[in-house]
1. So what's the gap between the Cα centers of the range 80-121 and the range 23-78, to the nearest angstrom?
2. In debye, nearest 20: dipole of the range 1-93 around its Cα centre with unit charges on the Cβ of K, R (+) and D, E (-)?
3. Tell me the per residue accessible area of the range 23-144 using a 1.4 Å probe; a whole number in Å² is fine.
4. What does the charge dipole of the range 54-138 about its Cα centre add up to, to the nearest 20 debye, if the Cβ of each Lys and Arg holds +1 and the Cβ of each Asp and Glu holds -1?
5. With unit charges on the beta carbon (Lys/Arg positive, Asp/Glu negative), name the residue among GLY82, THR35, PRO57 whose Cα is farthest towards the positive pole of the charge dipole of the range 33-129.
6. Around ASP71, with a cut-off of 15 angstrom between Cβ atoms, what is the net charge of the other residues, counting Lys and Arg +1 and Asp and Glu -1?
7. Which percent of the accessible heavy-atom area of the range 1-145 goes to carbon and sulfur, probe 1.4 angstrom?
Amino acid sequence: MRIVVVSAGLSSPSSTRLLADRLAAATREHVDAETEVIELRELATEIAQHFVTGFPPARLAAALDAVAAADGLIAVTPVFAGSYSGLFKSFFDLIDKDSLTGKPVLLGATGGTARHSLVTEHALRPLFTYLRALVLPTAVYAASEDWGEEGLAQRIARAGAELARFTAPAAVPGPAAAHDVDTAAAIAPRSLTGAITSVDPADGFVTVPFEQRLAALRVP
């Protein structure tokens, strides 16, 4: 399994790269995966050349291929003028329109103030939704004052676990697990009509109409 990390930080060392590395480490705690880091600042000239010539230089072509072939993606950008950086957007403008379809993507951003904390929702998430990626529920924003705080560590851990879950091969339950009533009951879903499902050891899931549930609660 291969996770590709795209970091758009411009400085070295970079808080953007630090966040990207921590997200990758949190993912590896739950799944055995190789990680490849793509530093966009090292490809800035090649990205500009591609826009002008229409052909990617070798290093940029390798980076684009790596993103397309990845099982999962971690994408982290610094906040510029309330949104993702131009370098970050330029790189993903060069991605083939079908490369990210259905691919799990974990989003991250860094900024100097907590006022930009919604950049992951109003800028990053719509971009990757447009590219038809599978954008994970938890996105991580790190302001300057967040570093070293427990809250940031908890968000990173939760996001890494989500990416691991969506990239790991689905486990096939054995015969015993298939008849584990306690497990099935714990994940009993709602139907499309809103009815709650319950479990019968012999018949599996049985839909119980909501009206029947209410009737059972009435006082005789």
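The values are calculated or read from the model by the stated rules, or taken from the named source; none is laboratory data. From a predicted model like this one, the values you see are computed outputs, not experimental measurements. Cβ: placed from backbone, ideal geometry, glycine included. Neighbour counts: every protein chain shown. Heavy atoms of the whole protein, side chains included, go into the accessibility calculation; ligands, DNA and RNA do not. Shrake-Rupley method; radii C 1.70, N 1.55, O 1.52, S 1.80 Å.
1. So the two Cα centres are separated by 13 Å.
2. The dipole magnitude comes to about 280 debye.
3. Spelled out: the 1.4 Å probe surface of the range 23-144, per residue, equals 45 Å².
4. My answer is approximately 180 debye.
5. Going by the charge dipole, the pick is GLY82.
6. -1
7. Carbon-and-sulfur percentage of accessible area, whole number: 54.
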